[in-house]
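Some notes on the structure that comes next.
The values are calculated or read from the model by the stated rules, or taken from the named source; none is laboratory data. Every value quoted in this text rests on a predicted model; they were computed, and no experiment measured them. Every residue, glycine among them, receives a Cβ derived from its backbone with ideal geometry; neighbour counts consider all protein chains shown. Calculation scope for accessible area: heavy atoms of the full protein, side chains included, ligands and nucleic acids excluded. Shrake-Rupley method; radii C 1.70, N 1.55, O 1.52, S 1.80 Å.
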Amino acid sequence: MHQNRAIDAGPVDFERIFEAAAEPMLVLNPAADRVIDANPAACRLLGYDHDALRDIRVTALHPGQLPALIVFTDGVLAKGEFRTRGLKPRHAAGHELLVEYAGSRLGDGPTPDLLLIVCDLAALRKRETDTEADLYIRGGIEEWQRVERFFRDVERENQLILRAAGEGIYGVNADGKTTFVNPAAERMLGWKAEELVGKDMHSIVHHTHADGSHYPAIHCPIYAAFRDGAVHKVDSEVFWRKDGGRFFVEYTSTPIRDRGSLIGAVIVFRDITQRREADERLRAALAEVEQLRTRLEQDNEYLQEEIRLQTNHRGIIGISAAMQKTLQQIDLVAPTEASVLISGESGTGKELIARAIHGASKRSHRPLIRVNCAAVARDMFESEFFGHARGALAGALRDRPGRFELADGGTLFLDEIGDIPLELQGKLLRVLQEGQFERVGEARTRNVDVRVIAATNRDLGAAVRDRRFREDLYFRLNVFPIESVPLRERVDDIPLLAQHFLKAAAHKLKISDPRLTEGDMRRLVQYAWPGNVRELQNVMEHAAILARNGRIRIDLPSGGLLRTAAGRNGTATLLTEDERRERDRANIIAALDACCGKVFGPGGAAELLNVRPTTLASRIKTLGIEVKRENVGRRGRESGEPIATV
């Protein structure tokens, strides 16, 4: 060899062999990416003179083949010897050469290793002399062996990764035969690697769908990877264990190529059974939540309808002139946005009037929020009305909206408005005027759209004069005043109310409907009812509890105010003949209405008033009362619908 060649001197015969060898030989330094030496046969094969070949980089001699070059050189350095047909050196004329490289490592010292590359042309020449059939058979065998070597190399070179991986990993060749299986796949599938290698993996672990139907291999995405060359990812199928059990998997099938040809696929899978079960539980929980939400909406709609039925002013029981005036006022103010101040004694039905106004207003689709101002502690008024931020008060562990915020878009009913502390009245006035407020402990200003209906049993005018109530707030609330009259001024309504309350109590106690006698009705009408409608309701419920065999006993307070014995000033109440006739007429109409127009027989008005049927018929004729059963039930008594009362 030439004097400047970098090969170890060694015996002289070696240099002669190198120079005289018929097989092309190259000496490479992979670390420096240089051709160190080349024999004449190599120069002739590659079309370069000796000096020109020594100046060429190894990567330039194999353009575009860096990955294959790295695999080859690393294989020689690691194993001492390595062969490949995957490298095609470029001839000086520009075309690629088909050769087989056989590489050997030169030198064992600490200096960079050199490689001796022999271009084996004998195998290529032999293939040129083979018959076409021999080439086909030998090519198939060699291709099979090459694929087998490839997968063995993959398994061997990635052994640490395969063993450490938590996911199951296995390989299949282009025929669907298993080439390797990692330990995680063995654990999940229950099969040993030696039981699977060389077998059709689909027919062993992937043969059946989750629903039990057959899974043809031709439809398998795992096998499709080495047919279409695409990566297939699936998360809705099952693998089957050796014991016959199944588990849901998420897998990715990645095609493997060698020299541009698809030779198989590597499959990575994981058990997602627990995840799917968690997803199923979550979906079931969400479905249940949706069902509960729908049911809650339906229940809320039903309850709102019940409230409308019970509180709508058209369902209010009352035929007296005072009640008719109140109903007219409700009709007038309900469609507007005006504030309403309802005044009257306790128990007269002020909240019912407020609900009737809200129900007939444009805000009826939003809630009516009630605040009993008399029940709120003085130091909690501001928090109750405007809410508070977390930490603003002792025990305030979270943000809490106030009543104004809850009533946004709806109506706020302030019961017993006269009990609001004077120092808070200014803040309440600001909300009514500007529609703005701040939560306690929060600087943010919030906007709100609320209609206010207030109620009181006090004389607010006198409170304004005594400077116990702000005059500007009073005028802001008293835009449209309504008086809820006491029951003693609604005598004509007492029989209807009494019968309604008695039926409601009987239904609650699950007893047959008891009947009021004429004597019972006379006592109820004569009583002054200082507790108003609320007291009447309590008396009738008490009477229903004491009822026996359809007969009731009405207990009124002894020494109570009796209208026939004493009036408001303790003087006797006198009735003119016309007043007496009108009272009797109203009493009979009330009885007929309570009995749905039935005059005679069980449950008829005659029985209710405790008079002979002929006597009642005579009075009806004398007083000019027209009996029409189909019209008497106008308040829904025949249908059994609940009727709210005032």
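Numbers at a glance
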{"quantity": "Projected label distance in nm at A193 and E489, using a 7 Å step from Cα toward the beta-carbon", "calculated": "10.0 nm"}
{"quantity": "Qualifying lysines (Cα of each under 18 Å from Cα of K177; at least 8 residues distant if same chain)", "calculated": "K192, K199, K242"}
{"quantity": "FRET efficiency, D419 to D513 (Cβ-Cβ, R0 45 Å, nearest 0.05)", "calculated": "0.65"}
{"quantity": "Relative contact order (%) - criterion: Cα under 8 Å, at least six apart; region: the stretch 320-374", "calculated": "36 percent"}
{"quantity": "Over the stretch 48-101: Kirkwood hydrodynamic radius from C-alpha pairwise inverse distances, Å", "calculated": "12.0 Å"}
{"quantity": "Carbon plus sulfur fraction of accessible area for the stretch 313-380, probe 1.4 Å, in percent", "calculated": "52 percent"}
{"quantity": "Compactness index (Cα Rg / 2.2 N^0.38 Å), the stretch 342-404", "calculated": "1.43"}
{"quantity": "Ellipsoid semi-axes in whole angstrom, largest first, where each is sqrt(5λ) of the Cα gyration tensor of the stretch 375-524", "calculated": "40, 22, 14"}
{"quantity": "Pairwise FRET efficiency - H365 versus A217, Cβ, R0 = 56 Å, nearest 0.05", "calculated": "0.35"}
{"quantity": "Selection from L406, L429, I453 lying farthest towards where the dipole of the stretch 402-483 points positive, charges on Cβ", "calculated": "L429"}
{"quantity": "Equivalent ellipsoid dimensions for the stretch 212-272 as semi-axes, Å, which come from the Cα gyration tensor, largest first", "calculated": "24, 12, 10"}
{"quantity": "Portion, in percent, of the accessible area of the stretch 165-273 that falls on carbon or sulfur, probe 1.4 Å", "calculated": "51 percent"}
{"quantity": "Accessible area of the stretch 204-298 divided out per residue, in Å², using a probe of 1.4 angstrom", "calculated": "59 Å²"}
{"quantity": "Mean accessible surface per residue for the stretch 439-497, computed with a 1.4 Å probe while every protein chain stays in place, in Å²", "calculated": "49 Å²"}
{"quantity": "FRET efficiency for Q298 and R276, using Cβ-Cβ distance with R0 set to 45 Å, rounded to 0.05", "calculated": "0.90"}
{"quantity": "Whether the stretch 257-299 is rounded, prolate or oblate, judged on the alpha carbon gyration tensor where a/c under 1.5 counts as rounded", "calculated": "prolate"}
{"quantity": "Gain in span if fully extended, R398 to E290, counting 0.36 nm per residue against the direct Cα distance", "calculated": "36.2 nm"}
